[in-house]
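The values are calculated or read from the model by the stated rules, or taken from the named source; none is laboratory data. As the structure is a prediction and not an experimental result, all values here were calculated from the model. Cβ: placed from backbone, ideal geometry, glycine included. Neighbour counts: every protein chain shown. Heads up: the accessible areas ignore ligands, DNA and RNA and are worked out on the full protein's heavy atoms, side chains in. Shrake-Rupley method; radii C 1.70, N 1.55, O 1.52, S 1.80 Å.
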Amino acid sequence: MVKEEIKEIGHEYIVYGLRRSGNHAIINWILPQVKGDFSYYNDVWPNAPYKGKPKQRRGNGSKVDTSIISFEDYNLQIFKSLLRNRSQPKVQKRTTILIIRDPFNWYASRLKSDMSQPAHYSGLNLRQLYLQYIREYNRESIFLEGHVVLISYNQWKSDLSYRKSISKGLGLEFTDDGLNKVTGEGGGSSFDGMIVSGQQLRTDKRYLYYLNDDTFLSLFTNKELLFFCESEFLIPEELLFLKDKVKRKNTDLLDSIVLNTVPKWTHFLRQTYLTFKK
């Protein structure tokens, strides 16, 4: 039977995260909790998230009870206007998910996977893009509107009660059946591939491989970023020296200027390009 184009969605979940933040692990934990027909589109194009074949799907009709669409490494500023202007498919209810992971293990996984630059051009380097995401996570900026569920990957992985609260916030019927699934998306784990189960992955110790790597250490020259780490995740003992490093080479002013100006211009240029492309 030929699968029909999706025209109506009961509950749409939009997942935002930076690559190697645990997006796939969390989505594959969510899927067993979804009831009825669903579609899951991975790492989609913002202007046409339902174009092409879904990564996973249950059902063949034009109406699904649940859809999950995942955006990775994008400038969050572009999505406010995109959602407001999108009329198809018809969505009855929408929940936004923003995932954040501690930058020490996140950046180590990026470097191991040869992902030292953002996947999509936004005029921001990776440190600045991470800053944009943590500002949104702290709700200092409001690019993502409506019902937003914030997920700390670190706490999600280690804390059963936290996972239960996330499931409740997403309106799901809790099960941990999908917790140990390591998917092939993005090559699996950047360090372990597909060798071990999800809970066996030592995702909290990736930074140990890069303690003397200048590229890795260059991410931590921003006080705002380090302050967030200290309050949200704690700074590992082996990396406490970064507090002194940030005093010597502080990038707060430069990063703030870039964050406050460049995404607006790249968003404007992107919209102009899309308008003339029609």
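A few remarks follow.
- If you take the Cα centroid of segment 18-91 and the Cα centroid of segment 211-278, the two points sit 27 Å apart.
- Under 5 Å, built H, 5+ apart or other chain: amide partners of ILE68: TYR13, SER39, TYR40, TYR41
- Solvent exposure of the chain as accessible area per residue, Å², 1.4 Å probe: 49
- Rounded percent of accessible protein surface that carbon and sulfur make up, segment 21-160, 1.4 Å probe: 45
- Extension reserve of the LEU160-LEU208 stretch, reckoned as 0.36 nm per residue once the Cα distance is removed: 14.7 nm
- Counted residue by residue at 0.36 nm each, then reduced by the alpha carbon distance between them, the extension gain from LYS63 to ARG94 reaches 9.7 nm.
- FRET efficiency, 1/(1 + (r/R0)^6) with R0 41 Å, evaluated for GLN117 and SER87 via beta carbons: 0.75
- Residue-averaged 222 nm ellipticity for the chain, from DSSP H runs of 4+ at -39500 (n - 2.57), nearest 500: -10500 deg cm²/dmol
- Here the convex hull built on the C-alpha positions of the chain has a volume of 134 cubic angstrom per residue.
- Given charges at Cβ of Lys, Arg, Asp, Glu: the chain dipole, positive-most of SER87, VAL246, THR66: SER87
- The convex hull defined by the C-alpha atoms of segment 1-144 has an orientation-averaged projected area of 9.0 nm².
- The listed peptides 233-241, 121-129, 133-141, ordered by packing as a protection proxy, come out as 121-129, 133-141, 233-241 (highest mean of other Cβ atoms within 10 Å first).
- Legend: calculated FRET efficiency, LYS51 to GLU8, from the Cβ-Cβ distance at R0 = 25 Å, rounded to 0.05, equals 0.90.
- Placing +1 on the Cβ of every Lys and Arg and -1 on the Cβ of every Asp and Glu, with nothing else charged, gives segment 20-139 a dipole about its Cα centre of roughly 400 debye.
- Remark: segment 123-130, residue by residue, has Karplus-estimated 3J(HN,Hα) of x, 10, 7, 5, 5, 5, 5, 5 Hz, where x stands for each Gly or Pro and the curve is 6.51 cos²θ - 1.76 cosθ + 1.60 at θ = phi - 60°.
- Compared with the rule-of-thumb size 2.2 N^0.38 Å for a compact globular protein, segment 1-66 has a Cα radius of gyration ratio of 1.11.
- J(HN,Hα) series, segment 252-257, from Karplus relation 6.51 cos²θ - 1.76 cosθ + 1.60, nearest Hz, glycine and proline x: 4, 5, 4, 4, 5, 4
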